[in-house]
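Working notes, beginning with the structure itself.
The values are calculated or read from the model by the stated rules, or taken from the named source; none is laboratory data. All values derive from a computational prediction rather than experimental measurement. FYI the Cβ positions are ideal-geometry reconstructions off the backbone, even for glycines, and counts take in every protein chain you see. To get the accessible areas, we keep the full protein, side chains included, count just its heavy atoms, and leave off ligands, DNA and RNA. Shrake-Rupley method; radii C 1.70, N 1.55, O 1.52, S 1.80 Å.
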Amino acid sequence: AVAKAEQYFYEHLQSYGLNPVYQTYPGKGVVPAARNVIAQINGTSKPNEIVIIAAHLDNRPWGGGLAYGADDDASGCAALLYIAKSFAQAKATGTTFDRTIRFAFFNAEEDAPWSGSGKNFGSGFYAAGSRAANENIVAMIAADSLAWNLANNHVTYMVTRKPKLDTNGGDMAIATLWQ
């Protein structure tokens with residue numbers, strides 16, 4: 001099923017005129033090898049500054065019960081597809097973006113509890129590669145569980161770094177922009 005999800009996102013990104021790639025990474029322990037799906041729109045004036053917008057395409061049942069895939073994370077994946085399509089359409093009509101916009105569908109994010117690693121595999125593998133390539137990632141927005149609302153009070157929230165780690169206020173600026 002997850003291979004079909006990978007293909008689904010790849011084909012949709014391709015249909016938007018983007019050039020997606022599969023980023024294959026090895027399995028570890030109980031976690032099988034899998035693929036992230038990545039596409040981007042190159043920036044014009046600051047192409048080395050990368051903004052990542054991401055979601056995760058895998059799902060797992062918690063506690064042996066139901067897997068809440070519609071929320072975690074089909075809601076994030078749907079939003080990411082919409083954003084990618086909108087940005088690609090804007091680019092096709094002449095809009096340029098200062099920074100490189102990268103769309104990432106990460107895999108094996110829900111495997112951490114079962115692997116004992118406590119780490120998300122798809123994004124972890126991606127981040128390690130980005131660090132090794134010395135990429136300048138200036139912002140990352142993870143569209144995870146956008147439809148989830150435990151209190152049913154129609155409030156959304158954004159998690160950022162602790163204020164003392166956000167020394168230039170960039171996290172708060174992004175959070176404010178998305179409100």
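Only residues that are open to solvent by less than 40 Å² (accessible area, probe 1.4 Å) and over 19 Å from ILE137 (Cα atoms) were counted in the stretch 1-26, giving 6. Within the stretch 94-105, the residues that satisfy the criterion of being open to solvent by 10 Å² or more (accessible area, probe 1.4 Å) and either aromatic (Phe, Trp, Tyr) or under 16 Å from GLY17 (Cα atoms) (or both) are GLY94, THR95, THR96, PHE97, ILE101, ARG102. Among residues of the stretch 126-140 that are within 18 Å of ARG99 (Cα to Cα), those with a beta-carbon under 8 Å from a residue that is hydrophobic (A, V, I, L, M, F, W, C) and open to solvent by 60 Å² or more (accessible area, probe 1.4 Å) at least six positions away or on a different chain give the pairs SER130/ILE137.
Checked against (1) modelled with pLDDT of 75 or more; (2) part of a loop (DSSP other than H, G, I, E, B); (3) closer than 26 Å to SER75 by Cα, GLY118 passes all but condition (1).
The number of residues in the stretch 8-42 being closer than 19 Å to THR95 by Cβ, in contact (Cβ under 8 Å) with a residue 40 or more places away in the chain and either acidic (Asp, Glu) or not in a strand (DSSP E or B) (or both) comes to 5. For residues in the stretch 1-21 being within 15 Å of the chain's Cα centre (by Cα) and of a type in the set (A, V, I, L, M, F, W, C), which is nearest to PHE87 (Cα to Cα)? Per the stated criteria, the residue is LEU13.
The single condition among (1) at pLDDT 95 or above; (2) at positive phi; (3) open to solvent by less than 60 Å² (accessible area, probe 1.4 Å) that ASN134 does not satisfy is (3).
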